[in-house]
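Down below is the structure, laid out as structure tokens.
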Amino acid sequence: MARAYNFSAGPATLPEAVLRQAQAEMLDWNGVGASIVELSHRGAEFIGVAARAEADLRRLMSIPDDYAVLFLSGGATTQQALLALNFAAPGQAVDYVVTGHWSKTAIRQAGPYVDVHVAASSEAGGFRDIPPRESWSLSPGAAYVHITANETIHGVEYRQVPEVGEVPLFADFSSSIASEPIDVSRYGLIYAGAQKNLGPVGISVVIVRRDLLERAGQPRADIFTYASHAARDSMLNTPPTWNWYLLGLTVKWMLDEGGVEEFARRNAAKAALVYQAIDGSGGFYRNEVAPAVRSRMNIPFFLPDEQLTARFVSESKAAGLLALKGHKAVGGIRASLYNAMPVAGAQALVDFMRDFQQRNG
Ligand code: PMP
């Protein structure tokens with residue numbers, strides 16, 4: 001059976017090589033006579049898998065030594081609540097920049113614990129831009145500034161790191177982690193659910209500057225404490241071993257393919273293909289995000305009416321292009337082009353788009 005091109009926003013397409021390796025190792029990992037999923041997280045086998053995944057991710061993203069890397073169960077949404085609990089005192093101000101659906105989720109999760117201040121928002125303009133840095137109003141004494149590096153639903157992505165002075169910058173990189181080189185040292189904390197660029201759902205990565213782990217935060221259980229997870233190599237309780245293993249395979253695959261520089265090149269090429277097809281369609285396809293901040297990872301676009309949109313979704317699926325239906329919050333079509341989507345997949349999509357327009361335009 002041929003594999004289709006899967007444009008799902010997450011859980012998302014994984015590299016075929018990773019799936020094949022997991023398949024080959026499913027019954028007997030490395031000659032031990034059991035699957036890695038069946039082994040204790042305290043045993044040498046899994047500890048080796050976990051340590052390799054961390055070392056490889058550090059290499060892939062050039063993560064400095066003064067940052068801890070945590071592998072945690074719970075999704076990105078869980079981290080959004082934990083940020084407030086771990087790094088802000090009760091009622092302390094925290095600054096959030098609102099650029100789409102996921103910025104708002106981050107605020108909702110932090111809201112019960114801290115004094116959330118919206119430093120800037122592009123909501124009035126329909127989330128089609130990122131508010132210019134000069135327009136942000138940052139609170140004196142804020143615990144952190146939070147941004148969403150890539151808005152998975154609205155298709156808006158920061159193309160440079162905003163300067164926020166001494167206050168640590170926290171960023172939700174769920175849908176763009178490891179998609180291009182970034183300077184980790186510009187951030188106090190980076191978090192991401194793995195299910196887009198790093199592997200399967202069920203595990204999140206938190207990259208945090210170690211000095212921040214000394215902050216008292218708020219009363220909370222040990223299991224909600226990043227410092228405790230860091231002190232125990234993310235094995236405070238039973239970690240999601242299968243997800244961690246698959247994440248490790250995915251990160252290794254990215255290194256083997258040429259690392260983040262190579263993925264930056266491929267991702268730019270894929271996004272250029274799709275945006276050119278949209279912009280060159282004479283208005284048949286529309287994407288209204290300001291060109292300077294258009295996402296390379298998630299490209300939402302619209303057809304002239306609902307009927308054509310529904311036909312596009314069903315015909316593309318029949319043509320082996322999966323999961324192109326847009327998120328219900330915005331409608332239309334959405335193509336997610338994470339690291340595991342080959343350039344040929346984006347090419348197949350634009351070929352389909354041109355053919356569909358010819359038949360229906
Ligand atoms: N942030 C972003 C940018 C996302 O895209 C998502 C999920 N699509 C989330 C947070 C929430 O992640 P999770 O479902 O893993 O909690």
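Just a few scattered comments:
- Only Cα pairs under 8 Å and 6+ residues apart enter the sum, and on that basis the relative contact order of the chain stands at 23 percent.
- Exposed-loop-free span, longest in the chain, where GluC sites (Glu not before Pro) count as exposed if DSSP calls them loop and at most 16 other C-beta atoms lie within 10 Å: 1-162
- The accessible area of Lys104, taken with all protein chains in place and a 1.4 Å probe, comes to roughly 80 Å².
- Model label sites at Thr105 and Glu16, defined 7 Å from Cα along the beta-carbon direction, differ in position by 3.0 nm.
- Using the Cβ-Cβ distance between Gln23 and Arg232 with R0 set to 25 Å, the FRET efficiency from 1/(1 + (r/R0)^6) comes to roughly 0.20.
- Approximate spin-label separation Ser314-Ser185, in nm, with each point projected 7 Å along Cα-to-Cβ: 5.7 nm
- Shape call, segment 1-144: gyration tensor on alpha carbons, a/c limit 1.5: prolate
- For Ser35, solvent-accessible area (1.4 Å; no DNA, RNA or ligand), Å²: 10 Å²
- Additional length obtainable on full extension of the chain from Ser62 to Asn30, 0.36 nm per residue less Cα span: 8.7 nm
- Unit charges at the beta carbon, dipole of the chain: most positive-side option, Leu246, Gly155, Ser175: Gly155
- Extension reserve of the Ile223-Ser281 stretch, reckoned as 0.36 nm per residue once the Cα distance is removed: 15.7 nm
- Subtracting the Cα-Cα distance of Glu38 and Arg210 from their residue separation scaled by 0.36 nm leaves 58.7 nm.
- Candidates Thr225, Thr238, Thr77, ranked by Gaussian network fluctuation over the chain, Cα under 10 Å, top entry: Thr238
- Cα gyration tensor category, rounded, prolate or oblate, for segment 259-360 with a/c compared to 1.5: prolate
- Taking Cα centre as origin and charging only the Cβ of basic (Lys, Arg, +1) and acidic (Asp, Glu, -1) residues, the dipole magnitude of segment 259-360 rounds to 160 debye.
- For the chain, modelled as a GNM whose springs connect Cα atoms under 10 angstrom apart, the maximal fluctuation among Asp115, Asp222, Asp129 occurs at Asp222.
- Modelled spin-label separation between Val201 and Ile47, with each label point placed 7 Å from Cα along the Cα-to-Cβ direction: 3.3 nm.
- Rolling a 1.4 Å probe over the protein heavy atoms leaves Arg265 with an accessible area of roughly 140 Å².
- Accessible surface ranking that places the most exposed of Asp256, Asp211 first, with a 1.4 angstrom probe: Asp256, Asp211
- Normalised alpha carbon radius of gyration of segment 17-256 [divisor 2.2 N^0.38 Å]: 1.03
The values are calculated or read from the model by the stated rules, or taken from the named source; none is laboratory data. Worth saying up front: this structure is predicted, and the values here are computed from it rather than measured. Ideal geometry is used to build each Cβ from the backbone, glycine not excepted, and the neighbour counts take in all protein chains shown. Surface accessibility is based on the protein's heavy atoms, side chains included, excluding ligands, DNA and RNA. Shrake-Rupley method; radii C 1.70, N 1.55, O 1.52, S 1.80 Å.
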